[in-house]
1. Based on Cα positions only, what radius of gyration and what Dmax would you give for the chain, in angstroms?
2. For the stretch 16-94, which trypsin sites (Lys or Arg not before Pro) pass both filters: DSSP loop (anything but H, G, I, E, B) and at most 14 other C-beta atoms within 10 Å?
3. Excluding the sites themselves, what is the longest stretch of the chain that contains no GluC sites (Glu not before Pro) in a DSSP loop with at most 12 other C-beta atoms within 10 Å?
4. Using a probe radius of 1.4 Å on heavy atoms only, what accessible surface per residue do you get for the chain? Whole Å² is fine.
5. Quickly estimate the mean residue ellipticity at 222 nm for the chain, helices only: each DSSP H run with n ≥ 4 gives -39500 (n - 2.57), and the total goes over all residues, rounded to 500.
6. Distance between Cα centroids, the stretch 18-50 to the stretch 60-87: provide it in whole Å.
7. Can you pull the one-decimal nm distance between simple spin-label points at GLU18 and ASN78, each 7 Å off the Cα toward Cβ?
8. So how compact is the stretch 1-44: Cα radius of gyration and Dmax in angstrom?
Amino acid sequence: KLDQAIHVYKEYHRMILEKNTIESYGATLAKLCDHFGKDKDLAAITSEKILSFLSKITEGGKQQTKHGRYSHLKAFLNFIRTNLDPTIHNPCDA
């Protein structure tokens, strides 16, 4: 489930990343959870849904902001695939 994966990701990075970085990732992941719902199955999130989500949360933003949000999502989904569930496809890879 999405909220469980976010929790594991944030706990893992709490000792590694700077506070501002964690807050930045956390804001993007909170929006992801709000958009898809905390009980969403990660395997059900497609590339099209990620693109729609990113377009929504970065509308009117600078290119650097858009790239940052995309990087946050890609890193999160790669972490999940590498550490929790290797069968999960990262929709940001498409």
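The values are calculated or read from the model by the stated rules, or taken from the named source; none is laboratory data. Here the structure is a predicted model, which is why all the values come from computation and not from measurement. All Cβ positions, even for glycine, are placed from backbone atoms using ideal geometry, and neighbour counts span all protein chains on display. When the accessible area is computed, the model is the full protein with side chains, heavy atoms only, and any ligands, DNA or RNA have been set aside. Shrake-Rupley method; radii C 1.70, N 1.55, O 1.52, S 1.80 Å.
1. 12.5, 35
2. Numbers: sites: LYS19, LYS31, LYS38, LYS40, LYS49, LYS56, LYS62, LYS66, ARG69, LYS74, ARG81; in loops: LYS38, LYS40, LYS62.
Within the stretch 16-94, the qualifying trypsin sites (Lys or Arg not before Pro) (loop, at most 14 other Cβ atoms within 10 Å) are LYS38, LYS62.
3. On the way: sites that count: GLU18, GLU59.
No qualifying site falls inside 19-58, the longest such stretch.
4. On the way: 5990 Å² over 94 residues.
Heavy-atom accessible area per residue stands at 64 Å².
5. Working: 4 runs with 63 residues, N = 94.
That calculation yields -22000 deg cm²/dmol at 222 nm.
6. 9
7. Label at GLU18, label at ASN78, 2.0 nm between them.
8. 10.7, 31
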